[in-house]
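The values are calculated or read from the model by the stated rules, or taken from the named source; none is laboratory data. These figures come from a predicted structure and were not determined experimentally. In this analysis, Cβ positions are derived from the backbone assuming ideal geometry, glycine residues included, and neighbour counts consider all displayed protein chains.
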Amino acid sequence: MKYVTEFRNQELVEQYLSEIKKITTRHWKIMEVCGGQTHSLVKNGILNLLPKEVEMIHGPGCPVCVTPLNLIDKALYLALEKNVILCSFGDMLRVPGSEKSLLQAKAAGADIRILYSPLEAVNLAKANPDREVVFFAVGFETTAPANALSVIHAHKLGVENYSILTSHVLVPPAIEAVMNDEDSSIQAFLAAGHVCTIMGIDEYYPLVEKFNIPMVVTGFEPVDLLQGILMTVQQLENGEAKLENQYSRVVRPKGNPQAINVIEQVFQVNDREWRGIGNIPKSGYELKPEFHKYDANIKFDVNIKAAKESEECIAGLILKGIKKPFECPEFGKKCKPEFPLGAPMVSSEGACAAYYHFHQAMEDLEAVS
Amino acid sequence: MPEEKIKMNLSCPMPQLDFDMITLGHGSGGLLTNKLLDTGVFDLLKNEILDKRHDGAILSTENQIAFTTDSFVISPIFFPGGNIGELAINGTVNDLAMCGAIPQYLSLSFIIEEGLMMKEFWEVLVSIKMACEAAGVQVVTGDTKVVERGKGDKIFINTTGIGHLHPKASIAMEHVKVGDKIIVSDNLATHGIAIMSVREGLEFESDIESDTRPLNGIVKTLLDDYGKNIHLLKDPTRGGVATVLSEIARDCKLGIDIFQKDIPVNEQVYGACEILGLDPLYVANEGIFIAVVDSAIADDFTEKLKQQEHCNNASIIGEVVESHPRQVVLTSQIGGKRVVNMLVGEQLPRIC
């Protein structure tokens with residue numbers, strides 16, 4: 001399949017691997033920001049192929065993982081108490097709220113639908129004029145244009161029974177938060193390819209300069225990832241710190257102006273709570289005042305008491321790359337994908353679930369064999 | 001309901017009825033139930049045993065029999081390449097075949113939600129008849145219940161089946177041994193993706209059709225030729241190939257190695273999986289099976305399989321190994337390794 005198979009080519013992968021091995025002279029810690037990259041690294045078994053000196057640290061770019069507990073409780077409240085049709089992307093459904101997950105609420109009778117596109121939710125609202133339809137608008141910059149478009153779409157069609165519960169987060173402030181943490185030992189970043197497809201790469205120059213770190217915008221296929229890692233290691237070994245774009249077949253320097261325009265029409269930047277990390281200034285999107293009637297928070301006046309996170313879950317340390325999943329005492333014990341203590345064990349992009357499914361078991365195997 | 005399907009079944013036209021919809025009364029056991037059954041259920045599925053219309057069927061069987069049951073609750077009930085009716089027959093037929101049995105007799109129970117259109121019920125019945133003929137089995141007893149609207153999802157079907165064991169069959173988990181080869185009979189993930197392509201909220205255009213089909217004929221041919229060298233047969237329905245292989249590794253306490261480059265997936269299905277963020281290894285199948293066979297016959301077995309209808313893409317995808325007991329380890333296309341676990345809950349599409 002064109003544009004897929006050539007980026008999973010074993011020969012190319014081996015060339016990149018041997019190049020990485022050849023130039024690596026010491027231990028490097030590189031954070032891949034995006035959960036999609038984490039997923040691909042483990043799914044393709046890349047972590048086991050890299051030389052031991054190149055250590056990949058999994059970043060906070062898993063939208064499901066960083067959606068605050070309180071917001072999931074709000075979604076649960078809307079679905080269970082306000083009789084709305086709650087629409088969501090699939091992997092949000094298993095994330096535990098303070099008492100239950102959306103999947104459990106669905107079993108208890110809530111009308112919860114898995115959709116691939118928020119525009120579907122607008123159609124659903126149109127088809128059900130006597131019901132309120134709420135889309136759980138989760139994600140990074142990547143999903144923001146579609147969510148913004150759904151609001152514009154509803155507005156144009158005069159669909160009044162549609163609103164979104166927003167939990168949009170932004171990558172650059174998260175990188176800044178990771179670097180500002182005194183325990184952080186990250187030396188370079190693979191920046192998230194799809195986020196940059198939307199937003200372009202200009203926002204990353206100041207970060208490279210401020211923290212004097214190499215940053216390479218990288219794609220998701222094995223060849224992309226290894227090329228990105230090679231470019232990063234080259235910079236590290238040469239003592240350079242620049243912004244490079246490995247994913248240039250998709251990422252244009254200025255991003256996608258139309259998508260940015262849609263985002264800017266509908267959203268404004270606000271401070272946002274990140275699950276496991278805390279409040280990060282100017283790190284998310286909220287609806288602009290002129291679109292408040294599409295804001296489920298305002299429309300339903302949801303006031304949910306903030307619940308406390310599980311004290312056993314070290315998601316914050318995992319998301320900032322300070323600890324690895326298997327360094328958590330509950331990893332694979334009390335906390336498993338079927339009974340997650342925290343969100344990183346839920347989504348396949350979450351570092352804990354990724355390790356649990358694909359990687360940790362391999363290390364166990366190597367240890368016994 | 002797709003128009004083509006109705007045309008296809010002109011050989012069994014729906015009888016003239018004075019009702020077009022199934023209501024609670026049709027499950028009362030009284031006049032309306034009899035009316036419903038007399039409209040054609042008995043005629044369509046006609047055989048000596050069913051024709052007695054007794055409370056149960058009286059059967060004669062040979063020595064050892066296999067016995068299995070399965071319930072079908074699929075939504076939507078009509079999907080590209082089939083419907084719930086043939087799925088219910090093929091599902092139980094295939095479970096019997098996986099035991100090394102020759103399927104013979106089936107029971108057939110409907111739980112119908114009131115409001116199901118008679119036209120749809122008829123369509124399901126006709127495909128049940130055709131599936132029975134294709135598999136060479138008879139429906140010998142059955143039941144029909146109707147539940148209130150909102151208490152079901154159009155129609156649920158349960159089938160239970162028995163069949164006598166093939167004289168050469170010796171299929172058991174304890175026969176699986178180190179060195180055995182793992183073979184899949186055809187492309188993976190076709191059924192699951194066909195269903196997903198018509199699910200509400202996920203509709204996408206494709207010509208992917210469910211692979212639902214009876215496997216008993218193919219299995220019989222293989223048992224005739226390879227008998228005891230076939231150590232285990234499994235049909236990887238829900239949970240997909242990954243889940244079935246994990247179960248085998250767990251139960252036989254051995255390791256399994258599989259190789260991604262050898263796993264056959266249709267290109268369109270592969271593309272759909274890429275777009276939807278699904279792993280074909282975890283997607284449901286209906287018309288394929290996994291065979292664990294002695295390594296000495298593996299190549300012959302695969303060649304023989306490829307000559308059978310709908311098995312052109314049969315492939316040896318891995319082997320049973322001594323190392324990493326109870327674990328399935330996949331070597332990815334690029335040579336990396338990862339553990340393949342059982343599916344947790346449903347496979348949910350990812351955000352981005």
**Request:** Specify the residue that is surrounded by the most Cβ atoms within 10 Å (Cβ to Cβ); the eligible residues are those in the stretch A:60-87 that are within 14 Å of chain B (Cβ to nearest Cβ) and more than 20 Å from the chain's Cα centre (by Cα).
**Result:** A:LEU86
**Request:** Among what's in the stretch A:193-220 and is farther than 18 Å from A:GLY284 by Cα and among the aromatic types (Phe, Trp, Tyr), pick the residue that is surrounded by the fewest Cβ atoms within 10 Å (Cβ to Cβ).
**Result:** A:TYR205
**Message:** Step by step: first the residues of the stretch A:7-24, then only those that are of a type in the set (D, E, K, R) and within 10 Å of another protein chain (Cβ to nearest Cβ), then the one that is nearest to the chain's Cα centre (by Cα). Which residue is that?
**Reply:** A:ARG8
**Message:** Given the condition closer than 30 Å to A:LEU190 by Cβ and free of Cβ contacts under 8 Å to residues at least 12 places away in the same chain, answer yes or no: does some residue in the stretch A:77-99 qualify?
**Reply:** no
**Asked** Can you tell me how many residues in the stretch A:95-132 are over 25 Å from A:CYS62 (Cα atoms) and either among the acidic types (Asp, Glu) or away from chain B (no Cβ under 12 Å) (or both)?
**Response** 11
**Message:** I need the full set of residues from the stretch A:262-298 which are in contact with a His (Cβ under 8 Å, 6 or more places away or on another chain) and farther than 25 Å from A:ASN180 by Cβ, in order please.
**Reply:** A:PHE291, A:TYR294, A:ILE298
**Fill in**
Only one of B:ILE193, B:ILE183 is under 18 Å from the mean Cα position of the chain (by Cα) and within 19 Å of A:SER117 (Cβ to Cβ), namely B:ILE193
**Asked** Using beta carbons and a limit of 8 Å, which pairs, at least six apart or on different chains, have the first residue in the stretch A:30-59 and away from chain B (no Cβ under 14 Å) and within 21 Å of A:GLU237 (Cβ to Cβ) and the second one part of a strand (DSSP E or B) and charged (D, E, K, R)?
**Response** A:ILE30/A:GLU55; A:GLU55/A:LYS29; A:ILE57/A:LYS29; A:ILE57/A:GLU32
**Item:** Entirely in the stretch A:102-165, the helices (runs of 4 or more DSSP H) that have 2 or more residues that are in contact (Cβ under 8 Å) with a residue 60 or more places away in the chain
**Value:** A:144-157
**Request:** Please determine, by comparing only the residues of the stretch B:288-317 that are modelled with pLDDT of 95 or more and touching a Lys or Arg at 6+ places or on another chain (Cβ under 7 Å), which one is nearest to B:PRO264 (Cα to Cα).
**Result:** B:ALA314
**Residue list for the stretch A:46-59, restricted to those being buried (at least 23 other Cβ atoms within 10 Å of the Cβ) and in a helix (DSSP H, G or I)** = A:ILE46
**Complete:** For the stretch A:221-248 the number of residues that are assigned to a helix (DSSP H, G or I), buried (at least 20 other Cβ atoms within 10 Å of the Cβ) and acidic (Asp, Glu) is 1
**Item:** Condition broken by B:VAL292, with the remaining ones in (1) buried (at least 22 other Cβ atoms within 10 Å of the Cβ); (2) in contact with a Leu (Cβ under 7 Å, 6 or more places away or on another chain); (3) closer than 30 Å to A:SER40 by Cβ satisfied
**Value:** (3)
